[in-house]
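The values are calculated or read from the model by the stated rules, or taken from the named source; none is laboratory data. Since we're looking at a predicted model, the values are computed, not measured. Please note: Cβ atoms are built from the backbone with ideal geometry, for glycine as well, and neighbour counts cover all protein chains shown. Ligands, DNA and RNA are excluded from the accessible area calculation, which covers all protein heavy atoms including side chains. Shrake-Rupley method; radii C 1.70, N 1.55, O 1.52, S 1.80 Å.
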Protein chains: 2
Amino acid sequence: MQTRFSPPQTMPAGQSDYSFKALLAAFEDQFNDRLFPDTPAILYDAIDYALSNGGKRVRPVLCLMGNTLVGPLEPDAFLAAHAVELYHNFTLVHDDIMDRAPLRRGRPTVHIRYNTSTAILAGDTLQLYAFEYLNCMQGRYRQKVAAVFLEAALGVCEGQQMDLDMENMPLEAVSYPDYLVMITMKTSVLLAASLQMGAMIGGAGEEDQQHLYAFGKNIGIAFQVQDDYLDAFGDPGKFGKQVGGDIITNKKTFLLLKARELCSPAQQAQLQELLALPGDDAAKVPGVLQLYKDCKVDEWALAEKQRFQQIALQHLENVAAPEANKKPLLELADLLLNRGH
Amino acid sequence: MQTRFSPPQTMPAGQSDYSFKALLAAFEDQFNDRLFPDTPAILYDAIDYALSNGGKRVRPVLCLMGNTLVGPLEPDAFLAAHAVELYHNFTLVHDDIMDRAPLRRGRPTVHIRYNTSTAILAGDTLQLYAFEYLNCMQGRYRQKVAAVFLEAALGVCEGQQMDLDMENMPLEAVSYPDYLVMITMKTSVLLAASLQMGAMIGGAGEEDQQHLYAFGKNIGIAFQVQDDYLDAFGDPGKFGKQVGGDIITNKKTFLLLKARELCSPAQQAQLQELLALPGDDAAKVPGVLQLYKDCKVDEWALAEKQRFQQIALQHLENVAAPEANKKPLLELADLLLNRGH
C-alpha cells in the first residue's frame, strides 16, 4: 500500500540558535511549505488556505522551546510542533463554523471562502495530519507525548462545548470560576501541553514537565484576561480588533462576569439596561465602559493578569534548568503579555 | 495532571470462541457501556446517542477476526476495534451534517437531535477518542498499526470530499473508474484497514496482511455494488430503505454510471429525460428501472458484485493460515453479501 504520508525532513541542519526569533524562523521555514497532497484539490486548497492565516505560531515555538530548555533540539520536537499547530488550526476552522464567523484576521473564514462541508472536512483532515506527525516521532516517549497531546486536545473540545453552553445561559447563571475553567480549557491547555511535549522530548523530568505545563497554562490565562481587557480599553490603533466588540455582542468575558460581582445593586440594574440595548445603540459601549471604570473592573483585570503572570513565572523559576536557557521563554511571555497598551 | 482517559479493561476473560457471533458479543459487551465522562453533558450525551445507533459493528469484528485468524485474541485488538468503530461513527455524524440527512436508521441524526455545533464537536471528540484507544495499545506494533489506521482514515476524508465534488458534477463528467476510486476510499478502506490492524496485532506477516487488506477492500466494494443494486431492485420488505430512493434523488450510483455506458444513444436521451423529471413524478422510478433492465445493468451489477467477491475470496485463500481459522471471515462475508434478495 502506497501511503500518502511519509515522515518529513523537519530538522534544519545545524540549528543551534535557540532564540524565539530563530526557532520561529526554523519552524516557519518548514511549515510554510505545502505539506499536503494535491488532490482532492478543494480539500487540500482549503487546508492550505486555513494554514496561511498569518497566525503567530506560538504553540509550535513553545514546543521547540520546551525541548531546548533542557536539551539539544531534536527532530521529534519539530514533528510535535507541527502536530500542535495543525491541531490548533483545525480548532479555528471548526470554531469559525460554530460561531458563524465571517472573518478571521481580516480574511474570509474557510467555510465562507469554500463551503461548510469542505470546512468540516478540512478540519477533520487537519486533525488526522496532526496525528500523522506525532506518529512519526522516533523516540521512546512517543506514547507519553501523544497522551499529553490527546488530553489537551480533548480539553479544547470540551472547553468549546462549555463555551457554547455558556453562550446560551443567562449572565447570572455563569460563575467566574466556571468561566475560568472553560477559558483555560479552550485557550490554555494546548499552550501548556505544547511546552510539556517539547520538554518530554528534550528529556525533562516529571516535575519540570509539570512546572512547564503550569507556566504555559498560566501565561495562557493571563493572555486571555489581557485580550478581554484590550477589547474594552485597548488603543484602537495598536489592538487588531474593533474596540468594544465584546460589549456590542454582550459577550461573556472576564470583565463582564467580574463586573457583575463587583458592582452595587444600582449598578447591576444599570448593567442589565445596557445589556438590553441593541448592539448598534451609540450609548451602549460608552455606558458599559463607564460602568466598568466605576466598579474598577479595569484595575481588577490588570491585577488579575499580573497575578496569573506571576504564578507562571514562579513555575518557570522552579524548573531545574540553567537561567540562560529560560531566556527565550521569558522573551516570548513578554511578547505575548505586553502588547497594545 | 489528572487525565480523563485511562486504558480500559477491554479483554473479556477466557474468550476462546472466535466465531462471528461470539466476537460480536464480546465487543458489544464492552462497547455498549458508556465509555465517556459525564460532562460537558450535551457533548457526551450526543456521543452516546451517536454510538447507540444499532450499527452492525462490522469494522471492529473484522479487526478482532484479523487477530484471531493468525493468533490468540490480544487485548490490543479490542483497543484497535474500539478505535475503528469510534472513527466510523465520527464519519457518520459529520457526513450526516454535510448531506443534510434528517434520519439515520430511522432516528433523527445527531445534528437534528442536538444541533450542528454539538454534532461537529461530537465528531471531533469521537475522532480523538479513537486515537486515545490506539495510543493505549501495548505492543511494539503500535506505531505501524496507527500508520495503517491513519492512512485509511485520511482515505475516508478524501473519499468524502470526492463524493461532494462528484455530486456537483454533471453525470457525464463522472467516469466509472473515478467513482470506483471514490466509493472505495469512502466505504472500503476502513474495512480493509480494520482487518489489517487486527492481523498486525495477531502477528501476521506483511504478505498476509496485504491479502487481508485486499480481502476487506473487495468485500467492501462488492457490498457497495449490492447496496446500489438493492436500492433499485431489492425486496421492499427485506431491504431497510425506501426502494428507488437513489433514483428519486438522481444519486450517482454504480447502476446509473454504468447504465450510461451500456445504453444506446436513444436510451441515453430517454435517461436524460427521466433524470430531468422531479423526484415525485410517478413515472420516474418505473421508467429508470425499465431502462436499467433494458440495458441489462441489473445483470451487470450482480456480475460485478460477484467479481469483487471472487477477488476477495482469492486473497483470503492466499493467506497462510489454517482453513478452519478462515471460517468466521467467510461467514461474515456471506452475511454481508447475501441479504435482501
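Quick notes on this one:
- Peptide B:33-43 is shielded by partner chain Cβ atoms: per residue, an average of 3 of them sit within 10 Å of its Cβ.
- For chain A, calculated [θ]222 nm from helices alone, where every DSSP H run of n ≥ 4 adds -39500 (n - 2.57): -22000 deg cm²/dmol
- The modelled label-to-label distance for the pair A:E331/B:V181, using points 7 Å beyond Cα in the direction of Cβ, is 4.7 nm.
- Cross-link check: pairs B:K305/B:K326; A:K217/A:K326; A:K217/A:K238; B:K258/B:K293; A:K252/A:K293; A:K56/A:K217 evaluated at a Cα-Cα cut-off of 19 Å; pairs beyond the cut-off: B:K305/B:K326; A:K217/A:K238.
- Per residue of peptide B:143-156, the mean number of Cβ atoms on other chains within 10 Å of the residue Cβ is 5.
- Amide H contacts for B:R104 (H built 1.01 Å from N in the peptide plane; partners 5 or more residues away or on another chain; cut-off under 5 Å): B:T109.
- For B:P37, the point set 7 Å out from Cα toward Cβ sits 3.5 nm from its twins in the other copies, listed from shortest up.
- Protein heavy-atom surface of the protein assembly as shown, 1.4 angstrom probe: 52% of the accessible area is carbon and sulfur, with nucleic acids and ligands not counted.
- Per residue, the protein assembly as shown exposes 41 Å² of accessible surface when a 1.4 Å probe is rolled over the protein heavy atoms with every protein chain present.
- Structural descriptor for the stretch B:155-299: relative contact order 20 percent, calculated from alpha carbon pairs under 8 angstrom and at least 6 residues apart.
- Sequence-ordered 3J(HN,Hα) estimates for the stretch A:321-326 from the Karplus curve with 6.51, -1.76 and 1.60 and θ = phi - 60° stand at 9, x, 4, 4, 5, 7 Hz, glycine and proline given as x.
- Exam field: A:A25 pseudo-label spacings to other copies (7 Å along Cα-Cβ), nanometres: 6.7
- Peptide A:211-223 - average C-beta neighbours from other chains (10 Å radius): 0
- Two-site label geometry, A:E206 and A:E323: point separation in nm, points 7 Å out along Cα→Cβ: 3.0
- The stretch A:36-195 - percent relative contact order, Cα under 8 Å, separation 6 or more: 29
- Chain pair B, A: total accessible area buried, heavy atoms, 1.4 Å probe, Å²: 4300
- Chain A, relative contact order in percent, only Cα pairs under 8 angstrom and at least six apart counted: 19
- For a label point 7 Å along the Cα-to-beta-carbon line of B:L302, residues of the stretch B:153-186 with backbone N under 18 Å: none
- Partnerless Cys - the protein assembly as shown, beta-carbon criterion under 4.7 Å: A:C63, A:C136, A:C157, B:C63, B:C136, B:C157
- Per-residue packing, averaged as other Cβ atoms within 10 Å, sorts the ranges A:113-119, A:33-39, B:73-79 into the order B:73-79, A:113-119, A:33-39, beginning with the highest.
- Per-residue SASA entry for B:F31, accessible area with 1.4 Å probe, Å² rounded to 10: 10
- The stretch A:47-62 and the stretch B:259-280: distance between their alpha carbon centers, rounded to Å: 49
- Under 12 Å of direct C-alpha separation, and excluding same-chain neighbours fewer than eight residues apart, B:K284 reaches these aspartates and glutamates: B:D246, B:E273.
- Peptide packing for A:312-321, A:97-106, A:221-230 was compared via the average number of neighbouring C-beta atoms within 10 Å per residue; ordered from the highest value, the list is A:221-230, A:312-321, A:97-106.
- Shortest-first nm distances, B:N325 label point to equivalent points in other copies (7 Å, Cα→Cβ): 4.9
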